[in-house]
Each structure stands twice: as C-alpha cells, then as structure tokens.
1. In nm, to one decimal, how far is the Val90 label point from the Thr66 one, both placed 7 Å along Cα→Cβ?
2. Would you kindly state how much longer the chain becomes between Ser177 and Lys27 on full extension, computed as 0.36 nm times their sequence separation minus their alpha carbon distance, in nm to one decimal?
3. If you place +1 on the Cβ of every Lys and Arg and -1 on the Cβ of every Asp and Glu, how big does the dipole about the Cα centre of the chain come out, in debye to the nearest 20?
4. In deg cm²/dmol and to the nearest 500, what is the mean residue ellipticity at 222 nm of the chain if only DSSP H runs of at least 4 residues count, each as -39500 (n - 2.57), divided by the residue total?
5. So what J values fall out for the range 87-98 if you push phi through Karplus, 6.51 cos²θ - 1.76 cosθ + 1.60 with θ = phi - 60°, rounded to Hz, Gly and Pro as x?
6. Could you please rank Leu52, Leu9, Leu35, placing first whichever residue has the fewest other Cβ atoms within 10 Å of its Cβ?
7. Would you calculate the convex hull of the Cα atoms in the chain and tell me its volume per residue in Å³?
8. Estimate the FRET efficiency between Asn55 and Thr102 by the formula 1/(1 + (r/R0)^6), using the beta-carbon distance for r and 25 Å for R0, to the nearest 0.05.
Amino acid sequence: MSIENELKLIPNEEINPKDILHLLESKGYNVQGELKVGRQEDTYYDDNEGTLNKNGCSFRIRRKNTGAVVTCKIPVVSDTGYKQRIEMEVNIPKEYVLDDGTIFIEDAVDILKTQYPDVQIPENLSMVVKVMNNRNKVNVQAPDGSIIELAFDDLQIQDKHGYEYKMKNEMESEVMSRKS
C-alpha cells in the first residue's frame, strides 16, 4: 500500500511532450532518459449505485505487455495541491488471465483481498469505462531531488453503453519519491 500523489492536466491545445521536457530542463529539472512508449488497457468497475465513484474511490484492472494488475484507490484528505489516494495494487497471476485476455472481476477482487483483506469493495461490480492508452512517460528529477513521473497520454475511451470518444494530450505527473 502506498500514497499516490498525482496531478492530471488536460491542456486546451495540443502539446508536444518534448517541448514540456525542454521547458523543465530550462528550469533546472533533470530528464532521466528518453520518453518510453507503452500501451495499456484500464477497465474501471463500480456497482449500479456508483458507490466507489461517489466516495472518490476507484477499482480497476490494468492490462499491459508485462501482465495485469488490480488496483483500488481510496482518497486521502490533503491540501498539497496533488490528488492524494491510498493505492492498493496487486499483480494478477497468469493463471487468472484467459487466453483471450479476460480476467473475471470476482477473481480480481479476491486477488486484491489476499493482500488487503480489510479493503471494502462493493458487490456486483460491473464495467463502467474502458480506457485504451498510448502512454509516453519519463522520470524527471526536480531541483530539490524529488523524482516525478511524467506521462503524456493519448486515450481512446469506451463507456459501458459502447460509446467511444478520443482524448488526446492528457498530462499526468506523479511524485514517485521526495527528498526532505
């Protein structure tokens, strides 16, 4: 279990990730390596009453080239300017992933509860939204020594009714470590 410190931005106009990285470098940040491109699929779940969403929580299954993980996030009251959440994440063993990539929600809940038995997950979860993401990310070291993961996302989103829409240029920053 960890505390996630995250800030998401949706710019009004298209941004070039390399321009953002050059700007950060000019302000004393150290870009660590090159942008790495990865594809991931996030499926978010909730019950019919939207219990998780109403409480600022989320439950998702993320599939990517390296496997699958189940994640539950619960908000923390914070005045940092970042969205802070308790993040509980567990790798899903390969034997729970069917040949077509399907992962049963009941299995995902059980897997999460093996490590976090006290987590409260509503019953009868169903898919709310599926997000296909082409993510470009890189770590940046701030002048104070903190490490920040920057992600530039190109999203294809499908809701539970089958409606699809595209969202380009979401930018996410997550504080990975802080220096005192």
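Coordinate-derived values only; no laboratory data. Since the model is a prediction, treat every value here as computed from it, not as a measurement. Using ideal geometry, Cβ is built from the backbone for each residue, glycine included, and neighbour counts are taken over all protein chains shown.
1. Placing both labels 7 Å along Cα→Cβ, they lie 2.0 nm apart.
2. Additional length available on full extension: 52.1 nm.
3. The dipole of the chain has a size of about 440 debye.
4. Working: 3 runs with 25 residues, N = 180.
Taken over the chain, the calculation gives -4000 deg cm²/dmol.
5. 10, 10, 9, 9, 5, 8, x, 4, 5, 9, 9, 5
6. Leu9, Leu35, Leu52
7. Values: hull volume 26.0 nm³, N = 180.
Normalising the Cα hull of the chain by residue number yields 144 Å³.
8. Efficiency, rounded to the nearest 0.05: 0.35.
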